[in-house]
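The values are calculated or read from the model by the stated rules, or taken from the named source; none is laboratory data. A quick note: this is a predicted structure, and the numbers were derived from the prediction, not measured. Using ideal geometry, Cβ is built from the backbone for each residue, glycine included, and neighbour counts are taken over all protein chains shown. Side chains are part of the model used for accessible areas, which takes the heavy atoms of the whole protein and leaves out ligands, DNA and RNA. Shrake-Rupley method; radii C 1.70, N 1.55, O 1.52, S 1.80 Å.
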Amino acid sequence: MTMTCDDLDLLLPEFLDGSLTTSQEEQAAVHLATCQQCTIEVNELEGVTKLYKEHGMLELPNEARQRIARALDIES
Amino acid sequence: MQTTKDTTDQPRTVSELFDAFANATYTLGYRILRDSHLAEDVVQETFIKVIRSLPSYRGEGPIAGWIYRIGYREAIAISRRRRDEVTDPESATFATLPARESVEESVMTQDLLARLDAAMAELSEPVRATFTLRDIQGLSTKDVAGVLEISESAVKMRLARAREALRVQLKEYLE
């Protein structure tokens, strides 16, 4: 069965999480090999998750860390 | 000293849990509330509850999920209180970003981080929380569903919405 752009769109969350079945993965790969628009979209979505994975985490400021640790009566 | 056991059966003190999860709890609080002082409150309130509840924690599931669930509930409670109060939107304090090596790199990174922050601001609170837990903190879809107490399909729907909205907003960084 041939996968269409709409089919892939519905499966995008699983595709990006790497949780497609082997058969779905193969069909997605076949579709992406011939569909430039979907390839661009998938690459950009992967880019979004990569950007936030690398830069989205924040550090509790040291002053706040010390203050909260004191309030909790623990060492940090 | 209070201790518990995680799923790998290693004892964890409150101090160790704080060191391991303070940044993650702060990130979750900030990403939901977009205010660093309120995010600090989320951390403090979360760990007060962790200390109180640790003796009765029975080790159901990963301890990270338990802490994130407490943190998420705290952030939502603070958000509701904030909504009920008259607040000046200009009074929000934004997160301090980690120091970088060079001035040039720092300017570039600060610009990127500010764009990532602004792009997330366009998402609704539930969608921000879902995206933070899944794509920033790296929890599985199943674990995110457990923390937020929603179905896995709802997690997937929110994630799809978040990723697509961010893709459109951040296009210049994705080429």
Past 23 Å, Cα to Cα, is the threshold; run B:Lys142/B:Lys171; A:Lys50/B:Lys49; A:Lys53/B:Lys156 against it and keep the listed order. B:Lys142/B:Lys171; A:Lys50/B:Lys49
Listed residues A:Thr49, A:Thr21, A:Thr39, most fluctuating in chain A (Gaussian network, C-alpha, under 10 Å): A:Thr21
Using a Förster radius of 25 Å, what is the FRET efficiency between B:Arg58 and B:Thr13 based on their Cβ-Cβ separation? Nearest 0.05, please. 0.90
Average silhouette area of the protein assembly as shown, convex hull of alpha-carbon atoms, in square nanometres: 16.1
Hey, what number do you get for chain A at 222 nm if only DSSP H runs of n ≥ 4 count, each worth -39500 (n - 2.57), divided across all residues, to the nearest 500? -24500 deg cm²/dmol
May I ask you to compute the full-extension gain from B:Arg161 to B:Glu175, defined as 0.36 nm times their residue separation minus their alpha-carbon distance, rounded to one decimal in nm? 3.0 nm
Average beta-carbon neighbours from other chains, 10 Å sphere, peptide A:38-49: 5
Per residue of the range B:61-75, what does 6.51 cos²θ - 1.76 cosθ + 1.60 with θ = phi - 60° give for ³J(HN,Hα)? Whole Hz please, x for Gly and Pro, Karplus curve as stated. x, x, 5, 4, x, 5, 5, 4, 5, 4, x, 5, 4, 4, 4
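Starting from the Cα gyration tensor of the range A:5-72, take the square roots of the eigenvalues, sort them a ≥ b ≥ c, and report rounded, prolate or oblate (rounded when a/c is under 1.5, otherwise prolate if a/b is larger than b/c, else oblate).
On the way: a/c = 5.37, a/b = 3.10, b/c = 1.73.
In terms of gyration-tensor shape, prolate.
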Ignore the peptide's own chain and count Cβ atoms of other chains within 10 Å of each Cβ in A:63-72; give me the average, rounded. 5
The range B:20-63 - convex hull of alpha carbons, volume per residue in Å³: 73
With Cα springs under 10 Å, the Gaussian network model of chain A assigns the largest mean-square fluctuation among A:Glu46, A:Glu63, A:Glu54 to A:Glu63
Looking at the square roots a ≥ b ≥ c of the eigenvalues of the Cα gyration tensor of the range B:97-175, which shape do they give, rounded for a/c under 1.5, prolate if a/b is larger than b/c, or oblate? prolate
Where the only charges are on Cβ atoms (+1 Lys, Arg; -1 Asp, Glu), what is the dipole of the protein assembly as shown about its Cα centre, to the nearest 20 debye? 920
Ranking by accessible area, most exposed first, for A:Cys35, A:Cys5 with a 1.4 Å probe: A:Cys5, A:Cys35
Compute the separation of the alpha-carbon centres of the range B:29-54 and the range A:1-70 and state it in Å as a whole number. 28
Say we join alpha carbon atoms closer than 10 Å with springs in a Gaussian network model of chain A; which of A:Leu16, A:Leu51, A:Leu60 then has the biggest fluctuation? A:Leu60
Using a 10 Å cut-off on Cβ to Cβ distances, tally the other chain neighbours for every residue of B:42-49 and report the average as a whole number. 3
With point charges of +1 on the Cβ of Lys and Arg and -1 on the Cβ of Asp and Glu, referenced to the Cα centre of the protein assembly as shown, which listed residue (B:Leu159, B:Leu112, B:Phe21) lies farthest in the positive direction of the dipole? B:Phe21
Among A:Pro13, A:Ile40, A:Met57, pick out the residue whose Cα is farthest towards the positive end of the charge dipole of the range A:5-72, where Lys and Arg carry +1 and Asp and Glu carry -1 on C-beta, about the Cα centre. A:Met57
